[in-house]
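Single-structure report; data block below.
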Amino acid sequence: MADAYRGRFAPSPTGPLHFGSLLSAVASYLDARQQHGTWLIRIEDVDGTRCSPRFQTSILDTLTSYGLISDEPVLVQSERHELYQAYLQQLIEQDLAYPCNCTRAALACYQGLHPHRCDSHTDQPHSWRAHCDQGQFEFFDPIQQQQRFDLAEQPNHPVLKRKDGYFSYQLAVVVDDHLQAISDIVRGADLLDTTGQQLWLYQQFDWQAPKLCHLPLIVNERGDKISKQNHAKAIENGCCRTLKSVLHYLGLRDIPHDYSLSQLLDWASTHWQRQHLTQQNLSLAEKDLDLIG
Ligand code: GLU
C-alpha cells in the first residue's frame, strides 16, 4: 500500500537511552499505533568513533523493557556502508558532491560552516560535501507549524562522507528513511536545523520526503536541553512512573494510575494527539528532575 503509515525511532548509540530519547521513542510509537501503522527501530551508528555496540544493546534492552519493539528487524546503519557509497557515487556523478580537505581551522572564519565549493585535491585524504547552495523548502509541521528553509540564505555544504571513511548522519538518514519507506517522522526539534539539507537530498534523488513532526525539546530548570552532551542520566528499565511522566509531557492527561506498562501504552495509543503539544520547550517539573540526573 503506497500510503501506509510507517514510522521509526532512530537512536544513535553514543550513550544509554535518556529521558528525552524515550520521549521521542514513545511519541513516534504512539503516532504509528494510533494510525494503525508500522513502527521501526533503526540504529544510527554510522559514526564509528562515537557509537558503541554496548550502548546499542542497552538502548534496545531499555526500549524492549517499555514494550517498544520494532515491527520489523532492527536496521543497523554500520552494516550498510556499501549502500551509502552507491548513493554518494550517484551525487558525485551528478556533480552534486565534491571532495574537500578543509581543516576546522580554515573554516573558523566562517563559524565552522563550509559556504563555498572548494574541490580540494583528491590525492589527499578528504571528505565529500554536498554542493547545496540553493533550494527553498516548506512544510507544515503539526507541532512546530509552518517551516521554511532557504539554503541560499546561509550556504553550508554538509559532509556526506568523512575523511576517515565514515558516512554522515545526513546522507544515511535520508537514504534509510527512503529505502524503509518511512511515511512519517516524529523526532526532536533539535533536528529541525538539519531538515533543510535533508529535503535538498530528497530533491536531488527525486524522492518524496516523509511528513515531518518535531517534538518540543525537554529542558531542565535552567532551560538547558536534556541530552547526552549534558550528561542526562540513563533511565531505569520498565518503570511505570517514568512512562507516566513521558506521557504527561506528551500532553496526555488523566493517565490511569493502576495500569501496567503495556496497558499504559495501549491506552496512550488511543489518546495521543499531536495537537496537545506546542512549539514551547517542555520544562521538567521539580519532581521529575531525578529522572534526568
Ligand atoms: N540518530 C539521531 C539521534 O539520535 C536521530 C535521527 C532522526 O530521528 O532523524 O539524534
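Considering the stretch 241-258, and only residues there that are farther than 13 Å from Leu22 by Cα and among the hydrophobic types (A, V, I, L, M, F, W, C), the residue that is surrounded by the most Cβ atoms within 10 Å (Cβ to Cβ) turns out to be Leu252. In the stretch 100-112, the residues that are farther than 16 Å from His126 by Cβ and assigned to a loop (DSSP other than H, G, I, E, B) form Cβ pairs under 9 Å with partners that are of a type outside the set (Gly, Ala, Ser) and open to solvent by less than 70 Å² (accessible area, probe 1.4 Å), at six or more places apart or across chains, as follows: Gly112/Asn156. Looking at the stretch 142-209, the strands (runs of 3 or more DSSP E) lying wholly inside it that each contain 2 or more residues that are modelled with pLDDT of 95 or more and away from the ligand (no atom under 16 Å from the Cβ) sit at 145-150.
The set of residues in the stretch 234-293 that are in a loop (DSSP other than H, G, I, E, B), without any contact (Cβ under 8 Å) to a residue 40 or more places away in the chain and among the aliphatic types (A, V, I, L, M) comprises Leu252, Ile255, Ala285. Checking each residue of the stretch 2-21 against the condition of being part of a loop (DSSP other than H, G, I, E, B), more than 14 Å from the ligand (Cβ to nearest atom), within 18 Å of Arg274 (Cβ to Cβ) and among the small types (Gly, Ala, Ser) gives no match. Restricting attention to the stretch 22-61, the residues that are part of a helix (DSSP H, G or I), among the polar types (S, T, N, Q) and surrounded by fewer than 21 Cβ atoms within 10 Å (Cβ to Cβ) add up to 4. Set side by side, the residues His81, His178, His157 differ, and just one is without any contact (Cβ under 8 Å) to a residue 40 or more places away in the chain and either open to solvent by 30 Å² or more (accessible area, probe 1.4 Å) or over 24 Å from Lys225 (Cβ atoms) (or both), which is His178.
The values are calculated or read from the model by the stated rules, or taken from the named source; none is laboratory data. Keep in mind the model is a prediction, meaning the values are calculated, not measured. Positions of Cβ are backbone-derived with ideal geometry, glycine not excepted, and every protein chain shown enters the neighbour counts. Protein only, heavy atoms only, side chains kept; ligands, DNA and RNA dropped before computing areas. Shrake-Rupley method; radii C 1.70, N 1.55, O 1.52, S 1.80 Å.
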